[in-house]
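The values are calculated or read from the model by the stated rules, or taken from the named source; none is laboratory data. Here the structure is a predicted model, which is why all the values come from computation and not from measurement. When we count neighbours, we look across all protein chains shown, and the Cβ atoms used for this are built from the backbone with ideal geometry, even at glycine. These area figures cover heavy atoms from the full protein model, side chains too; ligands, DNA and RNA do not enter into them. Shrake-Rupley method; radii C 1.70, N 1.55, O 1.52, S 1.80 Å.
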Amino acid sequence: MLGCARRLLSKTNLSHARTLVITPEHEALKENLMKLIQKEINPRCEQWEKDEIFPAHEVFKLLGDNGFLGISKPVEYGGLGLDYSYEIMAAEAYATIDSGGVSMAIGVQCDMATPALAKFGSHHVKENFLAPTIAGDYVSCLGVSEVGSGSDVSSIKSKARVEGNEWVINGGKMWTTNGTQADWMCMLVNTNDNPNPHKSKSLICVPMKSKGVAVHRKISKMGMHSSDTAEITMENVRVPLDNLIGEEGRGFQQQMNQFQNERIYAAAGAIPAMDRAIQETIEYCSQRKAFGKSILDNQYVHYRLAELQTEIECLRAMLYQCVDQHVAGEDITPQATMLKLKSGRLIREVADSCLQFWGGMGYTDDVFISRMYRDTRLMSIGGGADEVMLNVICKFMGTDPGSRS
C-alpha cells in the first residue's frame, strides 16, 4: 500500500504542493458577477423552475455583454485573457444562482463546450464559433454521451465521413444540456476506422440549424429543472471540413483535456452551495423548537454540521491547490478526478444530512435545501460517474488490474 501511495504522490505533484492565492482582483470579479446575478437572474429563477427552461440567449447575452463568458479565453476573440483562477471565482459566483440548472448551463458555455475550441481550434472555428459564444450571441452545447455510451466515451458510435470538402455526420447525442436552444454543438464523433478507439475520433463544430439535425425530444429530469436537456439526432448532416477542432483523430485526447475544466468547475460550484446549505440549516435549526429546545441545541446536530463543514474546508483547499497547478500548466488529471469524486459524494452527503434536519419542511419545494437535494444528485453521474473516477484514480495508483498486467 505504501508503494501505491508513493506512486500516486509522484504523479500528482503533492510533494511540492502549493495553493491558489486569492487577490483583490479575484474578489472584485466575483463580487461584480454576484451583484449581476442578484439583480438580473435570481428574481426570475422560480418561474424558470416552473417553466422547466430558462431563456439561454437572453441570459448569456447579459453575461457576454458584461465580459463573463470568456474570462480566460483569448482577447482577440472577445475574451478577457485572464488565467483560469478567475474562472473559478466566476464558478463560485454562479453557485449563488437560485437554480442549479442555470449555473450548469453557463458552465457548459464556459468550461465544457469551449475549452478545446479555444486551445486547439483554428482561426476559422474560433472566429465563427468561439467569438460569438463569448459574446453571448451563440448558445453552445457539448455532444459526447450517446444512448448506449455514457461514461464510456471511447464507445461512441456517431460517425463522420468525408465527401468533397464536407463532413457528413450520422448518429445522435444524449443528455445534451442546452440542447433545445443551442446554436452549435462541440461534437465528438468517429472520423476514421482506426481500431484504437482513442485515435478514431475528432471534435467538430456542428451548427444546430444544419439540415438533418433534429431535437428528438426534451428530457424530463429529477432535478436541474430550469435547464433544458435533449436527445439530438443527426442524419446526413453536412458541415465544412474547416469546422474540425485541431487535428483529425485527436478528439478523444482533446475531450479528455476538456473534461478537466468541467470537473474543476463542478467542484468550484459545489463548495459555495454546500456552504449555503450548512448556513441555512444552522439558521433554521436555531429557530425550530422540539421537546423544549432548538433543534440546533442537540449535540448530534451541531456536531454533524461541524463534521460536514470540516469536510468542505478540506475540499476547498484541494480545489485551490488543483487550480494553482492547472494555471501553472501541470497535468492535473489525478487531482481533478479526485476533486470530482469527492465533491460529488460530499455534496450528496451535505444535502441529505441538512434536509433531514429540516424535517417535513425540507421535503417541500418551498426551501433551497429541497432543490439542492434534487439538483446535486447529478454530480456523481454527469461528467463521469463516480465509478469511472475511481477507475482513473486506480490507474494512477497502479492498483487497477489492467495497469498491473
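Quick one: count up the residues across the range 309-331 that are touching a residue at least 60 places away in the same chain (Cβ under 8 Å), more than 16 Å from the chain's Cα centre (by Cα) and open to solvent by less than 10 Å² (accessible area, probe 1.4 Å).
Result for the range 309-331: 1.
Condition first: open to solvent by less than 20 Å² (accessible area, probe 1.4 Å) and over 19 Å from the mean Cα position of the chain (by Cα). Now tell me which residues in the range 268-301 satisfy that.
A277, I278, T281, C285, S294, V301
Return yes when I88 is under 29 Å from R44 (Cα atoms), without any contact (Cβ under 8 Å) to a residue 60 or more places away in the chain and either among the basic types (K, R) or in a helix (DSSP H, G or I) (or both) and no when it is not.
Details: under 29 Å from R44 (Cα atoms): yes; without any contact (Cβ under 8 Å) to a residue 60 or more places away in the chain: no; either among the basic types (K, R) or in a helix (DSSP H, G or I) (or both): yes.
When the stated conditions are applied, I88 does not pass them.
Return the residue satisfying two criteria in turn: it lies in the range 356-375 and is among the aliphatic types (A, V, I, L, M) and in a helix (DSSP H, G or I), and of such residues it is nearest to S226 (Cα to Cα).
Here is the first cut: in the range 356-375, the residues among the aliphatic types (A, V, I, L, M) are 361, 367, 369, 372.
After this cut, where a residue has to be in a helix (DSSP H, G or I) as well, the list is 361, 369, 372.
Numbers: M361: 22, I369: 16, M372: 13 Å.
In this case the residue turns out to be M372.
Scan the range 346-355 and tell me whether some residue there is small (G, A, S), part of a helix (DSSP H, G or I) and surrounded by fewer than 21 Cβ atoms within 10 Å (Cβ to Cβ). It would help to see each step written out before you state the result.
Here is the first cut: in the range 346-355, the ones small (G, A, S) are 351, 353.
Next, from what is left, pick out any that are part of a helix (DSSP H, G or I): 351, 353.
If we keep only those that are surrounded by fewer than 21 Cβ atoms within 10 Å (Cβ to Cβ) as well, we get 353.
Yes: the range 346-355 contains one or more residues that are small (G, A, S), part of a helix (DSSP H, G or I) and surrounded by fewer than 21 Cβ atoms within 10 Å (Cβ to Cβ).
Considering each of S145, S140, S155, S151 in turn, give the residue that is touching a residue at least 12 places away in the same chain (Cβ under 8 Å) and more than 22 Å from Y265 (Cα to Cα).
Details: S145 fails: more than 22 Å from Y265 (Cα to Cα); S140 fails: more than 22 Å from Y265 (Cα to Cα); S151 fails: more than 22 Å from Y265 (Cα to Cα).
Result: S155 is the single residue among S145, S140, S155, S151 that is touching a residue at least 12 places away in the same chain (Cβ under 8 Å) and more than 22 Å from Y265 (Cα to Cα).
Please go through (1) open to solvent by 30 Å² or more (accessible area, probe 1.4 Å); (2) aromatic (F, W, Y); (3) not in a helix (DSSP H, G or I) for F68 and return the number of the only condition it doesn't satisfy.
In the conditions (1) open to solvent by 30 Å² or more (accessible area, probe 1.4 Å); (2) aromatic (F, W, Y); (3) not in a helix (DSSP H, G or I), F68 misses (1) alone.
Out of A105, A131, report the one residue that is aliphatic (A, V, I, L, M), open to solvent by 20 Å² or more (accessible area, probe 1.4 Å) and out of contact with any Asp or Glu (no Cβ under 6 Å at 6 or more places or on another chain).
From the options A105, A131, the qualifying one is A131.
Scan the range 378-405 for residues that are part of a loop (DSSP other than H, G, I, E, B) and in contact with a Lys or Arg (Cβ under 7 Å, 6 or more places away or on another chain) and jot them down. Let's see the steps before the verdict.
Here is the first cut: in the range 378-405, the ones part of a loop (DSSP other than H, G, I, E, B) are 381-385, 398-400, 405.
Selection gives G383, G384, G398.
Got a sec? Which of D242, D275, D297 is among the charged types (D, E, K, R) and closer than 30 Å to F54 by Cβ? Full working, then the answer.
Values: D242 fails: closer than 30 Å to F54 by Cβ; D297 fails: closer than 30 Å to F54 by Cβ.
After ruling out the rest, the residue left standing is D275.
Every residue in the range 325-371 that is acidic (D, E) and at pLDDT below 95, please. Spell out the reasoning first.
Restricting attention to the range 325-371, the residues satisfying the condition of being acidic (D, E) are 330-331, 349, 352, 365-366.
Passing the criteria: E330, D331, D365, D366.
With the condition kept exactly as written, say whether any residue in the range 137-144 is over 19 Å from Q254 (Cβ atoms) and touching an Asp or Glu at 6+ places or on another chain (Cβ under 6 Å). Give the derivation first.
First pass over the range 137-144, keeping only residues over 19 Å from Q254 (Cβ atoms): 137-139.
If we keep only those that are touching an Asp or Glu at 6+ places or on another chain (Cβ under 6 Å) too, we end up with 138-139.
Yes, that holds for at least one residue.
Restricting attention to the range 136-151, which residues are out of contact with any helix residue (DSSP H, G or I) (no Cβ under 7 Å at 6 or more places or on another chain) and surrounded by 24 or more Cβ atoms within 10 Å (Cβ to Cβ)?
G143, the sole residue that qualifies.
Scan the range 200-212 for residues that are farther than 12 Å from Q181 by Cα and either out of contact with any strand residue (DSSP E or B) (no Cβ under 8 Å at 6 or more places or on another chain) or surrounded by 22 or more Cβ atoms within 10 Å (Cβ to Cβ) (or both) and report the count. Talk me through it step by step, then tell me what you get.
So the first thing to find is which residues in the range 200-212 are farther than 12 Å from Q181 by Cα, and the list is 200-206, 210-212.
Applying the additional criterion that residues be either out of contact with any strand residue (DSSP E or B) (no Cβ under 8 Å at 6 or more places or on another chain) or surrounded by 22 or more Cβ atoms within 10 Å (Cβ to Cβ) (or both) yields 201-206.
Residues that pass the stated criteria total 6.
Results for (1) crowded, with 21+ Cβ neighbours inside 10 Å; (2) more than 30 Å from E307 (Cα to Cα), shown as yes or no for each residue.
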position	(1), (2)
M224	yes, no
D228	yes, yes
E235	no, yes
Q254	yes, yes
N257	no, yes
A266	yes, no
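Go through the range 22-42 and count every residue that is over 19 Å from L69 (Cβ atoms) and either basic (K, R) or open to solvent by 90 Å² or more (accessible area, probe 1.4 Å) (or both). Talk me through it step by step, then tell me what you get.
Going residue by residue through the range 22-42, those that are over 19 Å from L69 (Cβ atoms) are 22-24, 27.
Now narrow it down to the ones that are either basic (K, R) or open to solvent by 90 Å² or more (accessible area, probe 1.4 Å) (or both): 24, 27.
Matching residues across the range 22-42 total 2.
Within the range 376-389, can you find the residues that are of a type in the set (D, E) and open to solvent by 10 Å² or more (accessible area, probe 1.4 Å)?
Going residue by residue through the range 376-389, those that are of a type in the set (D, E) are 386-387.
E387, the sole residue that qualifies.
With the requirement that a residue be touching a Ser or Thr at 6+ places or on another chain (Cβ under 7 Å), small (G, A, S) and at pLDDT 95 or above, what does the range 133-156 give you?
S140, G143, listed by residue number.
Among the listed residues S154, S85, identify the single one that is of a type in the set (S, T, N, Q) and buried (at least 17 other Cβ atoms within 10 Å of the Cβ). Quick ask: steps written out before the conclusion?
Working: S154 fails: buried (at least 17 other Cβ atoms within 10 Å of the Cβ).
After applying the criteria, what remains is S85.
Filtering the range 14-65 down to residues that are touching an Asp or Glu at 6+ places or on another chain (Cβ under 9 Å) and in a loop (DSSP other than H, G, I, E, B), which residue is farthest from I134 (Cα to Cα)?
If we take residues in the range 14-65 being touching an Asp or Glu at 6+ places or on another chain (Cβ under 9 Å) and in a loop (DSSP other than H, G, I, E, B), then A17 is farthest from I134 (Cα to Cα).
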